[in-house]
Amino acid sequence: MCPGLMFPLRSRIATFLLVAFSCGQTTQAAEWPTEKFLLVDANPNSSIPLSLNPTTGFDGDTAFIFAVLEAYMSDAAAYYSNMGFAAPSLELVDGRNGGQAYVVYVNDYSDKATHARYEANQMYLEIDLSRALKDGKATDETIEALAHELFHAIQRTYQTVPDTWHGDWITEGQAQAMGMQAARDLRGVDVYQYKQ
């Protein structure tokens, strides 16, 4: 029996990803500038800069739910940072309580896309408003998708040439494995439980 098979699957996945990302890297991953996130009610492609948009906040129960998602994103950032991954390629803005935060746009877009998405060329993270919440809480699909897409932002940091990807199956496979594991470990969410 192969000794590596005696470790749990999550340990093997994390070890594989750490080795895969560290090949060719000569230095330890730099400390992240922040592990905080700020969800804003705005379109990332708007011609109005966030700093000039007075309506980016949320009200009532929605504000509370999105604050819970911000805390989850911070936990996911700490989870990935503690594994030694470099900081994500995302826009930094002023946080709620001082300091900086990574901005995440909450915007309604096509339901044909995932619940959350990372736009690699413009380097922003976005949540689909129409599917983010259900029955007064964030959907499990949104929770899993956010960890997945955050990992895509981390992958982008390791790309020295912007258009160089190692094939969608590797890129997506890494983000899928890490997103699923983060959602399971951090919030007990498993949208793929009992599915092949």
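The values are calculated or read from the model by the stated rules, or taken from the named source; none is laboratory data. Everything numeric in this text was worked out from a predicted model, so none of it was measured. Ideal geometry is used to build each Cβ from the backbone, glycine not excepted, and the neighbour counts take in all protein chains shown. Ligands, DNA and RNA are stripped out before the accessible areas are found, and what is left, the full protein with its side chains, is counted by its heavy atoms. Shrake-Rupley method; radii C 1.70, N 1.55, O 1.52, S 1.80 Å.
By the Cα gyration tensor, the range 78-196 has an equivalent ellipsoid whose semi-axes, rounded to whole angstrom, run 21, 19, 16 from largest to smallest.
Kindly report the accessible area of the range 67-196 per residue (heavy atoms of protein chains, probe 1.4 Å, no ligands, DNA or RNA), in Å². Mind dumping the intermediate values first?
Values: 6400 Å² over 130 residues.
So the range 67-196 comes to 49 Å² accessible per residue, rounded to a whole number.
Of all DSSP beta bridges confined to the range 25-117, the antiparallel ones make up roughly 40%. Stretched out straight at 0.36 nm per residue, the stretch from Phe64 to Asp94 would grow longer than its current Cα-Cα span by 8.9 nm.
Site pair Ser51 and Lys134 shows an inter-label distance of 4.0 nm when each label is modelled 7 Å from Cα along Cα→Cβ. Proximity of backbone amide H atoms, modeled 1.01 Å from N, is registered between Gly57 and Asp41 at under 5 Å, excluding neighbours fewer than 5 places apart on the same chain.
For Ser89, the residues whose amide H sits under 5 Å from its own are Ile154, Arg156, Thr157, ignoring neighbours fewer than 5 places away on the same chain, with H placed 1.01 Å from N.
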